[in-house]
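Colleague: Take this structure, written in structure tokens, and hold onto it; I'll ask about it next.
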Amino acid sequence: MADPIILRCRLNGTPKTELIAPNRSLLDFLREDLGYTGSKHGCDVGDCGACTVRIDGAPTLSCITLAASVEGKSLQTIEGVAGSEPTLVQQCFHEHVAAQCGYCTPGIVLVLEALFEEQADPSEEAIAEVLGSNICRCTGYTKILSAAIDARERRNGRPAKPPTPTFARDL
Amino acid sequence: MLPLPDFDLHRPQTLPEALRLRAALPKARILAGGTDLIPSMKQGLFTPQDVLHIAGLAELKGITVNADGIRVGALTSLTEMRRDARLATLVPGLVAACKSVATPTLQNMATLGGNLLLDTRCRFYNQSQFWREALGGANAKPATGCLKCDSAGICHIAPKGKGCYAAHSADTVPTLILLGAQAELASVRGTRRLAVEALYGEDGREAAPDRSPRLLIAGDEVLVAVHIPTPTGPTVHRKVRARAAIDYPMLLVAASAEGVVLSSLGPRPQRVTGIQDSMLDADIDAVAQAAFSQAFPLATHVWASTWRKKMVRVEVRRALAELATLNGDPR
């Protein structure tokens with residue numbers, strides 16, 4: 001076993017100092033060592049986006065990032081997104097029922113939060129492009145995209161785009 | 001869960017320190033963005049004793065533009081390249097190539113240097129150890145991960161050939177070749193420049209006895225930057241893949257006035273030869289036919305190689321039509 005190393009970083013605003021193995025992935029560090037299980041174990045090789053976290057603001061795949069490489073950096077996981085109330089993106093996901101099994105949802109919420117911080121009013125194409133980072137096998141993306149577009153409209157002070165009724169009883 | 005093998009991590013903070021470590025540890029793997037190396041290590045393809053994590057080297061970051069041209073540091077992320085207004089004006093084809101890599105999240109992590117030195121890919125190699133063992137029996141040792149390199153010597157791509165035809169999959173490289181880009185390589189012995197085109201050998205494997213190795217750079221060298229001369233005209237980048245995100249290419253075509261480069265067909269990119277000197281007044285059908293006859297894709301991808309060969313003609317035609325439009329040619 002290689003010698004453990006000291007890691008200092010900020011996680012959701014709180015400073016952390018931990019002893020880690022050099023080959024610890026950031027995802028295992030978050031889930032197994034710190035108990036932050038909001039970031040999900042998906043493909044484990046950087047395809048699916050379920051393990052997305054933000055490092056210094058940029059969405060990053062934690063399963064293919066070494067924990068050692070976040071030394072001195074600021075991390076945000078899904079646990080650190082909402083305050084006492086859900087964010088607008090989370091609220092829209094709830095209203096549009098944009099999650100089925102929910103496994104991909106933390107990663108998708110994080111990439112959308114990052115997109116909206118970077119571009120106030122992104123085009124539908126720009127939203128679809130960042131959603132390409134995350135694989136969802138349940139929803140077919142329709143509800144995720146409609147929730148994201150609703151969030152964009154509402155954060156820019158435009159009228160909400162309510163979800164399309166899915167079941168006959170809602171019509 | 002795929003565990004990472006055990007290794008010692010070295011984190012140099014300056015380039016001279018990194019070069020000394022590189023010279024002292026010739027078998028170490030260099031880790032930059034990690035988007036190619038870490039998945040391969042998780043799949044048991046590489047089990048290095050030492051990993052040289054160079055992400056802290058400030059000398060290798062950033063984009064500078066001056067009268068000589070453009071210098072992009074090897075650790076510059078593809079996202080930084082996409083967002084750079086100067087690159088968007090000077091080399092839109094290269095920016096399009098960066099944009100076509102994997103996904104926006106992976107572009108945040110992946111570096112230009114890592115894309116240049118990306119490993120070749122084969123559908124029988126880039127798989128988990130479990131998958132490879134199921135196919136190759138006890139002979140598929142994690143030491144190489146390649147069924148052909150292991151003692152059983154089974155290759156499902158070129159059973160009779162000696163070589164490895166794993167596909168060169170770096171999206172930015174065909175465009176960089178047409179732009180006449182040079183790689184700046186540093187070692188404790190000094191610095192040299194090598195044309196990007198001359199970085200790649202004829203075999204897809206790293207250790208290829210009696211063939212030229214995959215990368216024609218010395219064991220103690222580190223890629224520091226990419227230099228691009230100020231371009232004189234547009235470059236077009238086209239990528240064929242199954243999905244519009246995530247996937248590696250199954251065919252790459254780049255075209256400019258200087259010519260046409262194909263990639264993802266074999267272990268290194270290839271220029272289409274025997275065509276006019278300038279693509280500005282080229283006969284599009286003749287160039288597309290020449291590209292088609294020079295393309296020999298093997299079954300390195302899940303999609304049929306016969307279809308990929310046919311797509312060479314289609315995509316070269318599309319690339320040249322796009323180029324003509326950019327050049328204001330009404331064709």
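Colleague: Counting alpha carbon pairs within less than 8 Å and at least 6 residues apart, what relative contact order, in whole percent, applies to segment B:1-54?
Modeller: Contact order relative to length: 58 percent.
Colleague: Is segment B:1-143 best put as rounded, prolate or oblate by its Cα gyration tensor, with a ≥ b ≥ c the root eigenvalues, rounded for a/c under 1.5, and otherwise prolate when a/b is larger than b/c, oblate when not?
Modeller: Oblate, since a/c reaches 1.5 and b/c is not below a/b.
Colleague: Using the 4.7 Å Cβ rule, please list in number order the cysteines from chain B without any candidate partner.
Modeller: So, B:C98, B:C122, B:C155, B:C164.
Colleague: Just B:S187, B:S256, B:S278 to compare: in a GNM of chain B, with alpha carbon springs under 10 Å, which one fluctuates most?
Modeller: B:S278
Colleague: Which residue, B:T300, B:T175, B:T232, has the most motion in a Gaussian network model of chain B that connects Cα atoms within less than 10 Å?
Modeller: B:T232
Colleague: Also, I was wondering about something else. I need the shape label for segment B:161-299. Rule: rounded when a/c is under 1.5, else prolate if a/b > b/c, else oblate, with a, b, c from the alpha carbon gyration tensor.
Modeller: Here segment B:161-299 falls in the oblate category.
Colleague: In deg cm²/dmol and to the nearest 500, what is the mean residue ellipticity at 222 nm of the protein assembly as shown if only DSSP H runs of at least 4 residues count, each as -39500 (n - 2.57), divided by the residue total?
Modeller: That calculation yields -8000 deg cm²/dmol at 222 nm.
Colleague: Test of understanding: what is the full-extension gain from B:A321 to B:A23, defined as 0.36 nm times their sequence separation minus their Cα-Cα distance?
Modeller: Full extension of this stretch gives 102.5 nm more.
Colleague: Additional query: Within the accessible area of segment A:39-135, what % is carbon and sulfur when the probe is 1.4 Å and the other protein chains stay in place?
Modeller: 50
Colleague: Let me spell out the model: positive unit charges on the Cβ of Lys and Arg, negative unit charges on the Cβ of Asp and Glu, origin at the Cα centre of segment B:1-54. What dipole size does that give, in debye rounded to 20?
Modeller: 100
Colleague: For chain B, what relative contact order do you get, as a whole percent, if you take Cα pairs closer than 8 Å and at least 6 residues apart?
Modeller: 16
Colleague: What accessible area per residue comes out for segment B:157-216, rounded to a whole number of Å², with a 1.4 Å probe?
Modeller: Value returned for segment B:157-216: 41 Å² of accessible area per residue.
Colleague: Total accessible area buried between chains A and B, 1.4 Å probe, in Å² to the nearest 100?
Modeller: 2500
Colleague: Computed FRET efficiency, Cβ-Cβ of B:Q289 and B:A218, R0 45 Å: what is it to the nearest 0.05?
Modeller: 0.70
Colleague: If you place +1 on the Cβ of every Lys and Arg, -1 on the Cβ of every Asp and Glu, and leave all else neutral, what size is the dipole of the protein assembly as shown about its Cα centre, to the nearest 20 Debye?
Modeller: Roughly 860 debye for the protein assembly as shown.
Colleague: Okay, moving on. Taking 7 Å along the Cα-to-C-beta vector as the label spot, tell me the A:A126-A:Q91 distance in nanometres, rounded to one decimal.
Modeller: About 2.2 nm separates the two model spin labels.
Colleague: Now for a different question. Can you list the residues in segment A:129-144 whose accessible area drops by at least 50 Å² when all protein chains are present, compared with the chain alone? Use a 1.4 Å probe, heavy atoms only.
Modeller: With the partner chains in place, segment A:129-144 has these residues losing at least 50 Å²: A:E129, A:S133.
Colleague: Once phi is turned into θ = phi - 60°, what whole-Hz ³J(HN,Hα) does the Karplus curve with 6.51, -1.76 and 1.60 give for every residue of segment B:247-261, x standing for Gly and Pro?
Modeller: Going residue by residue, I get 5, 6, x, 9, 7, 10, 10, 10, 9, 8, 4, 6, x, 10, 10 Hz, with x marking Gly and Pro.
Colleague: Further question: Given the pairs B:K162/B:K239; B:K239/B:K310; A:K143/B:K239; B:K42/B:K160, which are separated by over 25 angstrom at their Cα positions?
Modeller: Check vs 25 Å cut-off fails for B:K162/B:K239; A:K143/B:K239; B:K42/B:K160.
Colleague: Select from segment A:111-171 those chymotrypsin sites (Phe, Trp or Tyr not before Pro) which occupy a DSSP coil region and have at most 12 other Cβ atoms within 10 Å, ordered by residue number.
Modeller: Passing sites in segment A:111-171 are A:F167.
Colleague: Under a GNM of chain A (C-alpha, springs under 10 Å), which listed residue has the highest mean-square fluctuation: A:D28, A:D150, A:D121?
Modeller: Comparing A:D28, A:D150, A:D121 in the GNM, the peak value goes to A:D121.
Colleague: Grab the beta carbon distance between A:Q119 and B:K310, set R0 = 25 Å, and tell me the FRET efficiency rounded to 0.05.
Modeller: 0.05
Colleague: Averaged across the residues of A:22-31, what count of C-beta atoms belonging to other chains lies within 10 Å of each residue's C-beta?
Modeller: 3
Colleague: Is the C-alpha gyration tensor of segment B:166-214 telling us rounded, prolate or oblate? Criteria: a/c under 1.5 is rounded; beyond that, a/b larger than b/c is prolate, otherwise oblate.
Modeller: Taking the square roots of the gyration eigenvalues as a ≥ b ≥ c, segment B:166-214 is oblate.
Colleague: Still on this model: Can you compute the equivalent ellipsoid semi-axes for chain B, i.e. the square root of 5 times each eigenvalue of the Cα gyration tensor, sorted largest first and rounded to whole Å?
Modeller: 31, 26, 17
Colleague: Now for a separate question. Using only the C-alpha atoms of the protein assembly as shown, find the volume of their convex hull and express it per residue in Å³.
Modeller: Hull volume normalised by residue count: 182 Å³.
Colleague: So, one more: Under a plain spin-label model, where a point goes 7 Å from the Cα along Cα-to-Cβ, how far apart in nm are A:L19 and B:T191?
Modeller: The modelled label-to-label distance comes out at 4.2 nm.
The values are calculated or read from the model by the stated rules, or taken from the named source; none is laboratory data. Computed from a predicted structure; not experimentally measured. Cβ: placed from backbone, ideal geometry, glycine included. Neighbour counts: every protein chain shown. Quick note on the areas: whole protein, heavy atoms, side chains included, nothing else; ligands and nucleic acids left out. Shrake-Rupley method; radii C 1.70, N 1.55, O 1.52, S 1.80 Å.
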